[in-house]
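The values are calculated or read from the model by the stated rules, or taken from the named source; none is laboratory data. Worth saying up front: this structure is predicted, and the values here are computed from it rather than measured. Cβ atoms come from the backbone with ideal geometry, glycine included; neighbour counts cover every protein chain shown.
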Amino acid sequence: MNAHEIDYEIHGSEMQYVEIELDPQESVIAEAGSMMMMSASIDMQTIFGDGSEANKGLVGKLFGAGKRLLTGESLFMTVFTNRGARKERVAFAAPYPGRILPMDLSELGGRIICQKDSFLCAAKGVSVGIAFQRKLGAGFFGGEGFIMQKVEGDGLAFVHAGGTICEKVLQPGEVLRVDTGCLVAMTQEVDYDIAMVKGIKTAVFGGEGLFFATLRGPGRVWIQSLPFSRLADRVLAASRGGGKEEGGVLGGLGRLLDGDK
């Protein structure tokens with residue numbers, strides 16, 4: 001294997017974290033700010049790119065960092081290495097309620113395509129780059145521009161998703177329609193495109209937007225029930241007084257009559 005062979009344990013239910021056990025000189029890469037705790041013998045180093053074989057040398061490092069910049073991520077990643085003489089542990093926390101999904105890339109064809117903000121951490125040697133969408137519709141209306149994140153290699157990678165996770169195994173030719181924000185990850189053989197909702201009334205008043213993702217098998221797909229963008233929209237609406245009042249039949253009108261507004 002090119003990637004380091006790491007052991008792990010996922011803790012928690014709604015707010016999870018993954019604890020990774022490193023042998024001496026083993027390393028794991030992670031997004032900046034995701035570390036929760038680590039042993040004293042763990043060395044932390046900030047690097048350009050992801051530290052994989054594909055990004056060796058100055059040019060390779062700059063190219064890897066540039067690809068991360070295109071996805072909206074930081075130019076830097078952090079490498080955590082066990083410098084001690086025995087096994088040590090480092091833990092990474094999920095950024096919001098949901099699940100952490102362990103992805104063994106050696107069992108998934110060596111590559112997955114995922115939403116650009118879903119990657120959490122991976123064994124050193126795993127490459128984190130960009131995946132350009134082949135189709136114009138998917139680029140403009142997929143909610144992620146022309147770019148999604150590509151995670152490839154032969155080691156373990158960890159992806160975070162919101163709410164409850166649904167994994168679907170699509171048969172050849174089988175089609176699944178998904179809200180664009182709910183798509184977390186898919187294996188590389190899945191065909192991804194965007195379809196328009198038929199009927200202007202459905203598009204305007206249905207509350208589901210104008211477009212949805214069309215996924216065609218074969219391949220595996222992971223779907224989240226609570227995208228962070230949807231959660232943020234609800235919180236923002238509630239903070240502005242646009243949310244529904246729990247337990248109140250009149251909602252905002254009731255608050256108005258009560259003198260709250």
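Output the number of residues of segment 11-20 satisfying the condition of being surrounded by 16 or more Cβ atoms within 10 Å (Cβ to Cβ) and part of a strand (DSSP E or B). Quick ask: steps written out before the conclusion?
First, the residues of segment 11-20 that are surrounded by 16 or more Cβ atoms within 10 Å (Cβ to Cβ): 16-20.
Filter once more, keeping what is part of a strand (DSSP E or B): 17-20.
Adding up the residues that qualify gives 4.
So that you can scan it fast, the table gives a plain yes or no per residue for (1) modelled with pLDDT under 70; (2) touching a Lys or Arg at 6+ places or on another chain (Cβ under 9 Å):
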{"site": "Val184", "(1), (2)": "no, no"}
{"site": "Tyr192", "(1), (2)": "no, yes"}
{"site": "Ala195", "(1), (2)": "no, yes"}
{"site": "Lys201", "(1), (2)": "yes, no"}
{"site": "Gly207", "(1), (2)": "yes, no"}
{"site": "Phe212", "(1), (2)": "no, yes"}
{"site": "Ile223", "(1), (2)": "no, yes"}
{"site": "Pro227", "(1), (2)": "no, no"}
{"site": "Arg230", "(1), (2)": "no, no"}
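Go through the residues of segment 59-74 one by one and say whether even a single one is at pLDDT 95 or above and within 17 Å of Val159 (Cβ to Cβ).
No: zero hits.
Suppose the filter is among the small types (Gly, Ala, Ser), within 18 Å of the chain's Cα centre (by Cα), within 17 Å of Val18 (Cα to Cα) and at pLDDT below 85; does Ala32 pass it?
When the stated conditions are applied, Ala32 passes them.
Of the numbered conditions (1) part of a strand (DSSP E or B); (2) modelled with pLDDT of 90 or more; (3) over 23 Å from Ser106 (Cβ atoms), Gly173 fails exactly one; give the number of that condition.
Here Gly173 meets the rest and fails (1).
Taking only segment 21-50 into account, find how many residues are farther than 12 Å from Lys87 by Cβ, charged (D, E, K, R) and surrounded by fewer than 16 Cβ atoms within 10 Å (Cβ to Cβ).
Looking only at that region, the number is 1.
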